[in-house]
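Structure first, then comments.
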Amino acid sequence: MTDRELEMRVQQAFDAAAPDIFDSVMAECSAPRGKVVALTKSRKKKSGFAKRLLSIAAVMALLICAAAGGAYVNGQENAVASVVTLDVNPSVELRLNARDKVVDAAALNGDGQAILSNLELRGEKLSAALADVIGSMRDNGYLTPEKNSVLVTVDNSDTAKAEALQQRIDTAMAKVMETADFDGAVISQVLQKTDEVTELARSLAISPGKSQFVSAISAASGESVEELAKLNISDLNLLRTLKNLDIENIVACGTAGAADYISEGTAALEALKAAMEDDGAVEKLYRAMDVSGVEELLQKVMLYADLEGRVSGNG
């Protein structure tokens, strides 16, 4: 048997051991029997407990968002953006938020405590708070036709915002004074936080606003700051007017009262001297004076002179 014949016999034996069944297998696959089931991703139905759990989680998330938002709004409402001080002799400080609503109010001296004792200003708009404070000052006798001046000082770290607030206050104060039973005078200014103003306020126990106003009058008139600090705002405003002092960075509206303004202190006497040199001020002062007791006083002076003459003559 040759090698070629041996190979042919091995091939025949192999073919018999592994028959070609490819066609029959494919025929079986092309004719499916029974139900064909499509395989898809199954989704389990959520239980009632799971639904309730998801609902609770959603509500909690909403509550947390609402609380965070409320805390932010409340923080903005209570954040102090500006401070407004009103000086007459009482000194009162109003702390405002960015919407010009009162966050808090404080008295800067004993008289200021009397002004705020019956007022609840927190949450009020600035215009309403100003009206309440001015009304309390009038009711307590600190603002009268004779002592009619109010100093308003605005403090804000942003100069532009401070000046804008000053203008709003000037407008509001003009309306407040229209409702009063006398002609009021208002001086407004923006606070300049210099070391001099701060130290003077501390050493003389006055508000920073009055400290700045006193320093400006002292620089323009040569008067002592210590003597000027003893005067109320009406005295200071009258002194400024009578001496025709040029005070920078203030806005003055109305006329200072001229009667019953002389109080203790050198500066008040200087105001009287200055008044005697101003014909317009003299006439105003004359018309405002109470002369109901002048006739009796003159009779007493004449009687005294007569008695003095007789005594001297007999001597």
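For this structure, a couple of remarks:
- Paramagnetic label zone (point 7 Å from Cα along Cα-to-C-beta, Lys175; backbone N under 16 Å) in region 130-168: 130-135, 165-168
- Of the trypsin sites (Lys or Arg not before Pro) found in region 142-216, those that fall in a DSSP loop while having at most 14 other beta-carbon atoms within 10 Å are Lys193.
- The distance between label points at Thr144 and Ala128 comes to 3.2 nm (points 7 Å beyond Cα on the Cα→Cβ vector).
- Under 14 Å, Cβ to Cβ, from Thr194 - net charge with Lys/Arg +1 and Asp/Glu -1: -3
- Packing-based exposure ordering (other Cβ within 10 Å, fewest first) of Thr194, Thr159: Thr159, Thr194
- Cα gyration tensor shape for region 120-175, rounded if a/c is under 1.5, else prolate or oblate: prolate
- 3J(HN,Hα) from dihedral phi, region 188-202, Karplus parametrisation 6.51/-1.76/1.60, rounded to Hz, x for glycine, proline: 10, 7, 9, 5, 9, 7, 8, 4, 4, 5, 5, 5, 5, 4, 5
Computed from the coordinates by the stated procedures, all read-outs in this text should not be read as laboratory data. Everything numeric in this text was worked out from a predicted model, so none of it was measured. A quick note on method: Cβ atoms are made from the backbone with ideal geometry, for glycine too, and the neighbour counts reach across all protein chains shown.
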